[in-house]
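Just so it is clear, none of the values below were taken in a lab; they were calculated from the coordinates. Fair warning: this is a prediction, and the values are worked out from it, not measured in the lab. Every residue, glycine as well, gets a Cβ built from its backbone with ideal geometry; the counts of neighbours run over all protein chains shown.
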Amino acid sequence: MAQGVQIKKFKKKCLKEDVAVNCKTKKQAEQFLKWATSKGLKWSNGRSYFNNTSWNRFGKRTCYFLCVGMYDDTLQAKRHNHTILSFKEALK
């Protein structure tokens with residue numbers, strides 16, 4: 001994760017179990033996960049989000065479920081009726 005990425009503020013709604021945030025660029029993923037790291041959140045395996053966005057797997061379709069420390073494809077998240085916020089919708 002880029003060291004110079006500014007920590008933006010996101011809505012608490014991003015932490016709900018059925019809510020995912022779609023980051024269409026790696027930069028958005030870095031900003032979002034830097035915020036999550038600052039809140040003490042980690043991947044489900046206990047590892048830090050820092051330097052590990054996993055964005056390349058799904059690219060612009062990557063969405064993050066912070067409350068469970070996982071990511072998925074937005075298509076899969078839609079199939080399971082999860083609420084998907086865009087990066088801009090998630091910002092405070």
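The table below lists the values:
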| item | result |
| --- | --- |
| Length-normalised contact order for the stretch 14-90 - Cα pairs under 8 Å, 6+ apart - percent | 44 percent |
| Distance violations [Cα-Cα > 18 Å] among Lys34/Lys78; Lys13/Lys92; Lys8/Lys78; Lys39/Lys60 | Lys34/Lys78; Lys8/Lys78; Lys39/Lys60 |
| Gyration tensor (alpha-carbon) shape descriptor, the chain, a/c threshold 1.5 | rounded |
| Dipole in debye (nearest 20) - the chain, about Cα centre, beta carbon charges: Lys, Arg +1; Asp, Glu -1 | 300 debye |
| Fewest-first sequence of Glu30, Glu17 by Cβ atoms within 10 Å of each Cβ | Glu17, Glu30 |
